[in-house]
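Peer 1: Please read through the structure below; I'll follow up with questions.
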Amino acid sequence: MVHNDSVIALGFKRCKSNAGVYYYHNKKTKALVIAIVYVDDVCFMGTKDSLLLNELKQKFMARWEYCDLGETTEFLGMHISCDCKNQKIFIDQCEYLEKVLARFNVATNPTHTPLPSEFSFKPNEKQCDPKFCQKYQQLVGSLIYLMIGLRPDIGFTVVKLAQQIANPSNNHYRVGLDLCKYLLATCRYWCHAIQQFRQYKWHFSQ
């Protein structure tokens, strides 16, 4: 696990709005390097052929015995690709989503809404089986990871499902599977960023 102090020791500063993001700004050359750190996964970003980027990566790898895997194409279950000519970045979670759908045996009957119409979440009046509760928690945990990654469209349903995580019912689990069917129908959703006026604007497409 990468510790905060060791990244700071290399000259990075921690982003105030996101504890896992660090930046290094050289005031003389104006060069900027950004590092994203999550447990033992690290992604460095900078301009192509940046001497500062390579220098910081070498120092980091010497300290932590990491290896450079080259250009980032996957990070934390997200697939990343770039169109440098048109200054576009594409990110998707399709591969991770496919694993979730396979794990919970969702392969048919796609739906086009994240929540069945007129469904109302009601607490389970009976005590659920511990094994069923664990299965439900695994489902909700997978959906939460998708939600906070690139799927804000499932946020309302996921939050409602999470509120029942201590004592779920069969109806709650079925709603979770229905949400998976919605994700099956929209499994090719991806996020892309387009640079306009020196700023990136994010869009969701299928």
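Peer 1: Kindly indicate which of Ile144, Ile148 is part of a helix (DSSP H, G or I), under 18 Å from the mean Cα position of the chain (by Cα) and at pLDDT 95 or above.
Peer 2: Exactly one of Ile144, Ile148 is part of a helix (DSSP H, G or I), under 18 Å from the mean Cα position of the chain (by Cα) and at pLDDT 95 or above, namely Ile144.
Peer 1: Within the stretch 118-133, restricting attention to residues that are among the polar types (S, T, N, Q) and loosely packed, with under 10 Cβ neighbours inside 10 Å, which residue is modelled with the highest pLDDT?
Peer 2: Checked the stretch 118-133; the qualifying residue modelled with the highest pLDDT is Gln127.
Peer 1: Looking at Thr113 and the list (1) outside the structural domain of Gly176 (by TED's automatic domain parsing); (2) closer than 25 Å to His192 by Cα, which single condition is not satisfied?
Peer 2: (1)
The rows are residues; the columns are (1) in contact with a strand residue (DSSP E or B) (Cβ under 7 Å, 6 or more places away or on another chain); (2) more than 22 Å from Ile80 (Cα to Cα); (3) modelled with pLDDT of 85 or more.
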| position | (1), (2), (3) |
| --- | --- |
| Ala9 | no, yes, yes |
| Ser17 | no, yes, yes |
| Val39 | no, no, no |
| Met45 | yes, no, yes |
| Leu51 | no, yes, yes |
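Peer 1: Going by the structure shown, is Ala31 in the same structural domain as Gln138 (by TED's automatic domain parsing) and of a type in the set (Gly, Ala, Ser)?
Peer 2: no
Peer 1: Going by the structure shown, is Asp178 over 27 Å from Ile91 (Cβ atoms) and of a type in the set (Asp, Glu)?
Peer 2: When the stated conditions are applied, Asp178 does not pass them.
Peer 1: Same structure, new question: Does the stretch 101-109 contain any residue that is under 30 Å from Cys43 (Cα atoms) and among the hydrophobic types (A, V, I, L, M, F, W, C)?
Peer 2: yes
Condition check ((1) of a type in the set (A, V, I, L, M); (2) over 15 Å from the mean Cα position of the chain (by Cα)) across all residues:
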position: His3; (1), (2): no, yes
position: Tyr24; (1), (2): no, yes
position: Gly46; (1), (2): no, yes
position: Leu52; (1), (2): yes, yes
position: Leu56; (1), (2): yes, yes
position: Arg63; (1), (2): no, yes
position: Gly77; (1), (2): no, no
position: Glu98; (1), (2): no, no
position: Pro110; (1), (2): no, yes
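Peer 1: Lys131 versus (1) free of Cβ contacts under 8 Å to residues at least 24 places away in the same chain; (2) within 21 Å of Ile91 (Cα to Cα): which is the lone unmet condition?
Peer 2: (2)
The values are calculated or read from the model by the stated rules, or taken from the named source; none is laboratory data. What you see is a predicted model, and the numbers here were worked out from it, not measured in a lab. Cβ atoms come from the backbone with ideal geometry, glycine included; neighbour counts cover every protein chain shown.
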